[in-house]
Amino acid sequence: MKTTIIDLLNSKKFVQALLGVIVGVAVRLGVPEIEVTEILAIISPLLASIGAQGFADMGKERVIAEEGIRRMNEEDGA
C-alpha cells in the first residue's frame with residue numbers, strides 16, 4: 001500500500017489530477033469564491049499537461065515495445 005501511494009505521488013499525471021480535484025472541491029465549498037473563468041484558468045493548464053504527459057507516455061511505451069521486438073529478432077537471428 002505504501003509503495004502504491006509513493007508511486008502515485010511520483011506520477012505527474014496523478015499529482016496534476018489531484019490538484020485539479022482539490023481546486024474543484026475548494027470552489028464547491030466556497031473557499032475562496034472565485035469566478036468560473038478563474039477556475040478554468042487554473043484547471044485548463046492542468047488538463048492540458050495531463051493530456052500531453054499521456055501522449056509522451058504512449059510514445060515511451062511504443063519505443064520500449066519496438067526495442068523488445070528488435071532484441072527478439074536479434075536473438076532469433078544469432
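Overview of values
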read-out	value
The stretch 27-54, residues that are modelled with pLDDT of 80 or more and surrounded by fewer than 10 Cβ atoms within 10 Å (Cβ to Cβ)	Arg28, Leu29
Residue in the stretch 4-21 that is surrounded by 11 or more Cβ atoms within 10 Å (Cβ to Cβ), among the polar types (S, T, N, Q) and in contact (Cβ under 8 Å) with a residue 40 or more places away in the chain present	no
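The values are calculated or read from the model by the stated rules, or taken from the named source; none is laboratory data. None of these values were measured; they are calculated from a predicted model. Please note: Cβ atoms are built from the backbone with ideal geometry, for glycine as well, and neighbour counts cover all protein chains shown.
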